[in-house]
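Every read-out reported here was derived from the displayed coordinates using simple, explicitly stated rules and does not represent laboratory data. If you're wondering where the values come from, they're calculated on a predicted model, not measured in any experiment. All Cβ positions, even for glycine, are placed from backbone atoms using ideal geometry, and neighbour counts span all protein chains on display.
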Amino acid sequence: MTDRCYAAIDAPTLLERLWRRLFPARYREIPEDLEGFAPSYMITEVRIHLGWVDRLRILVSGNLRVETTTKTDVIITKMASQSTVTVLAPGSLHERH
């Protein structure tokens, strides 16, 4: 006997397709296992909601800084980090894609 599973997925609406084109998602690659590093990694995601005043300030400066401080239960002797910035579509502040 063969078990089969089917899922009916709703097609994205025209508006959802437009948002995906205007605000494409970029995902980080899983870090490769480097010599001397533990075979694990940590991802910190920061989502920011900006008011109109801050949006105008970014429009003028073109800069945004995000600082992340991490405290661990072990002494850190070696660390590698990378960041990705993505402009999210309106209304997607709390959604995880």
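Classify the stretch 10-97 as rounded, prolate or oblate, taking a ≥ b ≥ c as the square roots of the eigenvalues of its Cα gyration tensor: rounded when a/c is under 1.5, otherwise prolate if a/b is larger than b/c and oblate if not. Intermediate results must be reported in sequence, preceding the final value.
Values: a/c = 2.75, a/b = 1.57, b/c = 1.76.
Cα axes put the stretch 10-97 in the oblate bin.
Residues Lys78, Lys71, arranged from fewest to most other Cβ atoms within 10 angstrom of their Cβ, appear as Lys71, Lys78. Working note: Karplus 6.51/-1.76/1.60 with θ = phi - 60° gives the stretch 64-77 the couplings 8, 10, 10, 10, 10, 10, 10, 10, 10, 8, 10, 6, 8, 9 Hz, where Gly and Pro are set to x.
Sorted fewest first by neighbouring Cβ atoms within 10 angstrom, Trp52, Trp19 come out as Trp52, Trp19.
In this label model, Lys78 and Ile30 are separated by 2.0 nm, measuring between points 7 Å along each Cα→Cβ vector.
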